[in-house]
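For reference, the structure is listed below as structure tokens.
Where a number appears in this text, it was derived from the coordinates with a stated rule and is not lab data. Model, not experiment: these values are computed from the prediction. So basically every Cβ, Gly included, is an ideal-geometry build from the backbone, and we count neighbours across all protein chains shown.
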Amino acid sequence: MTSKYVLTGISMLFVLTTLTACGGGGGGGAAPAPPAPNPAFTTQPTSVTVAAPATAAFNVIATGTPTPTLQWQLSTNGGGTWGDIVGATTSSYTTPATAIGDSGKQYRAVATNSAGTVNSNVATLTVRAIALPKTGQTTCYDAAGVALASCANTGQDGELQTGVAEPVPRFVVGTGVGTTDQCVTDNLTGLMWTRNANLPAATQTWQQALDYANTLSLCGFTDWRLSNRKELRSLMNHNLVNNAATLNTLGFSNVQADYYWSSSSYAASAALAWLVVMVDGVVYANGKTGSGYVWPVRAGQ
């Protein structure tokens, strides 16, 4: 008997094509999606050295699907144990003001998502004390101001030369981010100065100088301020006749041989503030409505 259901070649091709399109005959559906990658750190934290009481900043970049959460951790025993830092859950962490006892603390970030958890590299904090630098004076003088052939047994600064010797190099151009050539770090004090020592390009009153420094954004930092009297004087080499000219050869520019405002008020009369003469380091007080140059500074990183 002849079946009335006869598949022609064309019909069979249609059936096979349909089965293939629907997954028939293949034994399975679409390929499963690849598993989400574990978190990974594309930028690791780096160890930091600061001079107390400067803060220290650590940064990471973590990737993953889904986007991982971050938690900074601290170890005070060389990585033996770790504890979460409360509230430190972003890609950057900045310590409170440091002390010598903070030296040796270690920091890391932990990235977590539904696929897993990974720790960053460990970064170590080194904190050094700010010591008094040498004045730079190597010559001794008699009471009339005549240079002596020898400083032996004079008890003068030129003989004793107490204090910390200047590192070589002392001033380093290019610290910061972005337009890094606009900032200079002092390896002796840890302070960061604007490379241009006359950014407003004009003298200002004391209040104007404070306002300018406090609102400055440069080299990726916004914590600039007007330097205090001692910070300004730390730039002096008392063996030089013209400090301003020498500083202009050591990485700075536009250092004026004139009066620079400090943030320090004069205790005997609050209407006055201390200025430092950059040519020779002379310090004196002047009315806050007077004029002076501005040289912003910030704590070094």
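Placing one equal scatterer on every Cα of the range 167-299 and applying the Debye formula, the log10 ratio I(q)/I(0) at q = 0.13, 0.18, 0.19, 0.22 Å⁻¹ is -0.49, -0.95, -1.06, -1.40.
In the chain, a dipole from Cβ-located charges (positive for Lys and Arg, negative for Asp and Glu) runs towards its positive end, and of PHE58, THR205, ASN243 it is PHE58 whose Cα lies farthest in that direction.
Every helix of 4 or more DSSP H residues in the chain counts as -39500 (n - 2.57), and over all residues that averages to -3000 deg cm²/dmol at 222 nm. Evaluated with a Cβ-only charge set (Lys, Arg +1; Asp, Glu -1), the chain carries a dipole of roughly 800 debye about its Cα centre, given to the nearest 20. Our summary gives the range 83-195 a relative contact order of 15 percent, counting only alpha carbon pairs under 8 angstrom and 6 or more residues apart. Considering only SER217, SER264, SER75, the Gaussian network model of the chain with Cα springs below 10 Å gives its largest mean-square fluctuation to SER217. Computed 3J(HN,Hα) for the range 272-280, one whole-Hz value per residue from the Karplus formula 6.51 cos²θ - 1.76 cosθ + 1.60 where θ = phi - 60°, is 10, 9, 7, 10, 10, 8, 6, 6, 9, glycine and proline marked x. Here Cα extents along the principal axes in Å was computed from the coordinates, and among (1) 72, 42, 38; (2) 141, 46, 38; (3) 60, 44, 38 the match is (2). Shown in residue order for the range 73-86 are the 3J(HN,Hα) couplings computed by the Karplus curve 6.51 cos²θ - 1.76 cosθ + 1.60 at θ = phi - 60°: 10, 10, 10, 10, 10, x, x, x, 9, 10, x, 5, 8, 4 Hz (x for Gly and Pro). Between TRP274, TRP82, TRP72, the residue with the greatest mean-square fluctuation in the GNM of the chain (Cα pairs under 10 Å linked by springs) is TRP82. Label-to-label distance for ALA257 and ASN59 is 4.0 nm, based on points extended 7 Å past Cα in the beta-carbon direction. With θ taken as phi - 60° and the Karplus curve 6.51 cos²θ - 1.76 cosθ + 1.60 applied, the whole-hertz 3J(HN,Hα) list for the range 207-220 is 5, 4, 5, 4, 5, 4, 5, 5, 10, 6, 10, 7, 6, x Hz, x standing for glycine and proline. Cβ-Cβ distance of SER92 and ALA201, R₀ of 22 Å, FRET efficiency by 1/(1 + (r/R0)^6): the value works out to about 0.10.
What dipole magnitude, in Debye to the nearest 20, does the range 197-295 give about its Cα centre under +1 on Lys/Arg Cβ and -1 on Asp/Glu Cβ? Kindly include the intermediate steps, with their values, before the conclusion.
Numbers: 5 positive and 5 negative charges, 33 e Å.
It comes to approximately 160 debye.
From least to most packed, judged by other beta carbons within 10 angstrom and beginning with the fewest, VAL276, VAL50, VAL122 follow the order VAL122, VAL50, VAL276.
For a Förster distance of 22 Å, can you work out the FRET efficiency between the beta-carbons of ILE85 and SER114, rounded to the nearest 0.05? List each step's numbers first, then the result.
Numbers: r = 23 Å, r/R0 = 1.06.
For ILE85 and SER114, the calculated efficiency is 0.40.
Here the label points at VAL168 and ALA270, each 7 Å from Cα along the C-beta direction, are separated by 4.9 nm in the simple model. For the pair ALA152 and ASN248 in one chain, pulling the backbone fully straight at 0.36 nm per residue adds 31.2 nm over the alpha carbon distance. Amide H to amide H, with H built 1.01 Å from N, SER264 comes under 5 Å of ARG229, TRP274, counting only residues 5 or more places away or on other chains.
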